[in-house]
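**Student:** The structure that follows is given in the form of C-alpha cells.
Derivation of every value follows stated rules applied to the coordinates shown; laboratory data play no part. Since the model is a prediction, treat every value here as computed from it, not as a measurement. Here the Cβ positions follow ideal geometry from the backbone for every residue, glycine too, while neighbour counts run over all protein chains shown.
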Amino acid sequence: MKNMNFKRKLPVPKEIKEQYPLTAALAAVKNGRDAQIADIFTGKSDRMALIIGPCSADREDAVLDYCTRLAALQEQVKDRLILIPRVYTNKPRTTGEGYKGLLHQPDPERSEDMLEGVITIRRLHTSVLANTGLSTADEMLYPDNYRYLSDLLSYVAVGARSVENQEHRLTSSGIDIPVGMKNPTSGDISVMLNSILAAQRSHTFIYRGWEVETTGNDLSHAILRGYVNRRGEAIPNYHYEDMEHLYQAYMAKGLKNPALIVDANHSNSAKKYAEQPRICKEVLHACRHSEHIRGLVKGFMIESYLEPGAQKIGEHIYGKSITDPCIGWNETERLVKDIAELI
C-alpha cells in the first residue's frame, strides 16, 4: 500500500477507557438518563427529546459552557423535555476537505493529531457528564471508533451520507441506546427505513478484528433532515404530508417502536439556521392535528451554540460555530421553552 503511510498504532478503546475511566457514580447517572430517553422512543413517556448543540464541538471550554447553560434550562423543562447535548466530535465533509472535528484536530488551527484527538473527545464527553449531569450525543462517522465513547453516549446519529453503509447499519445493531438514521441526501426514505430494519435485526460480522454477534437495536429510528433534488435545490421533508407518509411506510415495514426525530436544520431549513424555531413549531402544529403523527414524533435535532451564525477558523469568537451556522443562546433558550409549552 504505497499510498498509505502507517504513522503509529493507536491505543485500542479498552486502553483509553482504562486511562480515562468513567466513575461508578457517573455511570449510574448516565444509565438513569438512558432509561428515561429509551422510554421516549418506546412510547412509555410522552416527553420529547431535543438533541441540541453546536454543529461541531470545536473547543472544550465553549462546549462545556454551553452544556452548563443547557443543564440549567433542563431543570426548567424536565417534565416535558429531555435535553441531549450535541457534542459532535467528528465532522463529515462532502469533499473530504476542511475541519473534520476534534477527533482529527483538537486545535482547529494546528495539524491533525489522532491520538490527542481520541483523548480529547473522551475527556470532553466525560467533562460534560461530570459537570452538568447531561449525557451526550455524537455522530457515528467512523463505526470502529464508537467503542472509545460507548460508555458515555446516550444518543448516536448516522448521517445522510453514511446511512447506506453496511458497517454503520451492522454496528448500530449492537448498540443499546437510540440510533437515529437520517434520510439520505437523495431523500429516498426507503433507504433510511432499510437501515433501521437492518439495525433492528441481529447480525454476525467482523468488528475491530473480532467476530461479533449482535442482538439488534429496537431503538433505531428515523431522522428527517430534508434532501437535495437533481437540480441541487434543498427540499424540506418535515411537513404534515411528509410525516404522514413516513408513518404509513413505518406501518407497512413492520418496524419496532416507530419513532421520528425532525432535524430542523440542513436541507429542511435550506441551511437558513434562523428558520429552526419556525420549523419546530410547524411540526408541533401537525402533532396537534394527528394523533399518530404525535405518537411518531419523539423530538427534534437543533443546531445551536452560544453565538448565532458561523465564523471562519482563526476569527476566535468564543462560542460561535466554525462549521455550519447555529442559532445563538438567546434564541435557544426561547425555543426550548416554547417547545415545552407547545407539546
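**Student:** Once you compute Rg and the Kirkwood Rh from C-alpha atoms, what is the Rg to Rh ratio for the chain? Write down the numbers at each step before the final one.
**Tutor:** Working: Rg = 18.9 Å, Rh = 20.2 Å.
Rg/Rh: 0.94.
**Student:** Helix-only estimate, please: 222 nm mean residue ellipticity of the chain, summing -39500 (n - 2.57) across DSSP H runs of length 4 or more and dividing by its residues, to the nearest 500. Write out the running numbers ahead of the final one.
**Tutor:** Values: 10 runs with 130 residues, N = 343.
Value at 222 nm, helices only, nearest 500: -12000 deg cm²/dmol.
**Student:** Now, a different point. If I histogram all Cα-Cα distances within the range 22-68 using bins 5 Å wide from 0, what percent of pairs lands in each bin?
**Tutor:** So the P(r) values, bin by bin, are 5, 17, 16, 17, 24, 17, 4, 0.
**Student:** Taking the Cα centre of the range 112-213 as the origin, how large is its charge dipole in debye, to the nearest 20, when only Lys and Arg (+1) and Asp and Glu (-1) carry charge on their Cβ atoms? Walk me through the intermediate numbers first.
**Tutor:** Values: 8 positive and 13 negative charges, 44 e Å.
Using only the charged Cβ atoms, the result is roughly 220 debye.
**Student:** For the range 21-161, what's the relative contact order in percent, using C-alpha pairs closer than 8 Å and at least 6 residues apart? It would help to have the intermediate numbers written out before the result.
**Tutor:** Numbers: 218 pairs, mean separation 36.0, N = 141.
The value is 26 percent.
**Student:** What aspartates and glutamates does Lys256 reach when the alpha-carbon gap must be under 15 Å and sequence neighbours fewer than 8 apart in one chain are set aside?
**Tutor:** Result set, ordered by chain and number: Asp39, Asp176, Asp218.
**Student:** By DSSP, what percent of the beta bridges with both residues in the chain are antiparallel, rounded to the nearest 5?
**Tutor:** Values: 7 of 38 bridges.
Of all bridge pairs located within the chain, approximately 20 percent are antiparallel.
**Student:** Same structure again: Across the range 297-308, in residue order, what do the Karplus-derived ³J(HN,Hα) couplings come to in whole Hz, using 6.51 cos²θ - 1.76 cosθ + 1.60 with θ = phi - 60° and x for Gly and Pro?
**Tutor:** Per-residue couplings from phi come out as 6, 9, x, 9, 10, 10, 9, 8, 8, 6, 10, x Hz.
**Student:** So what does log10 I(q)/I(0) come out to for the range 50-157 at q = 0.12, 0.16, 0.21 Å⁻¹, using the Debye formula with one equal point on every Cα and no solvent?
**Tutor:** -0.38, -0.66, -1.09
**Student:** For a quick protection proxy, order the peptides 334-341, 190-197 by their average other-Cβ count within 10 Å, most packed first. Write down the numbers at each step before the final one.
**Tutor:** Details: 334-341: 17.4, 190-197: 19.8.
The most tightly packed comes first, giving 190-197, 334-341.
**Student:** Charges on Cβ only, +1 for Lys and Arg, -1 for Asp and Glu, centred on the Cα centroid of the chain; of Asn145, Thr332, Ser202, which one is farthest towards the dipole's positive end?
**Tutor:** Going by the charge dipole, the pick is Ser202.
**Student:** Express the relative contact order of the chain as a whole percentage, based on alpha carbon pairs under 8 Å and six or more residues apart in sequence. Intermediate results must be reported in sequence, preceding the final value.
**Tutor:** Values: 678 pairs, mean separation 54.7, N = 343.
It comes to 16 percent, rounded to a whole number.
**Student:** Could I ask something else about it? Give a residue-ordered list of calculated ³J(HN,Hα) values for the range 243-252 (Karplus: 6.51 cos²θ - 1.76 cosθ + 1.60, θ = phi - 60°; whole Hz; x for Gly, Pro).
**Tutor:** 6, 5, 4, 5, 4, 5, 5, 4, 4, 5
**Student:** Can you tell me the dipole magnitude for the chain around its Cα centre, using point charges on the Cβ only (Lys, Arg +1; Asp, Glu -1), in Debye to the nearest 20?
**Tutor:** Numbers: 43 positive and 44 negative charges, 82 e Å.
Dipole of the chain, to the nearest 20 debye: 400 debye.
**Student:** With +1 assigned to the C-beta of every Lys and Arg and -1 to the C-beta of every Asp and Glu, and no other charges, what is the dipole magnitude of the range 11-128 about the Cα centre in debye, to the nearest 20?
**Tutor:** Numbers: 17 positive and 17 negative charges, 86 e Å.
Result for the range 11-128 is approximately 420 debye, rounded to the nearest 20.
**Student:** Take the alpha-carbon positions of the range 237-321, form their convex hull, and give its projected area averaged over all directions (one quarter of the hull surface) in nm². Walk me through the intermediate numbers first.
**Tutor:** On the way: hull surface 26.2 nm².
Averaging across all directions leaves 6.6 nm² for the Cα convex hull.
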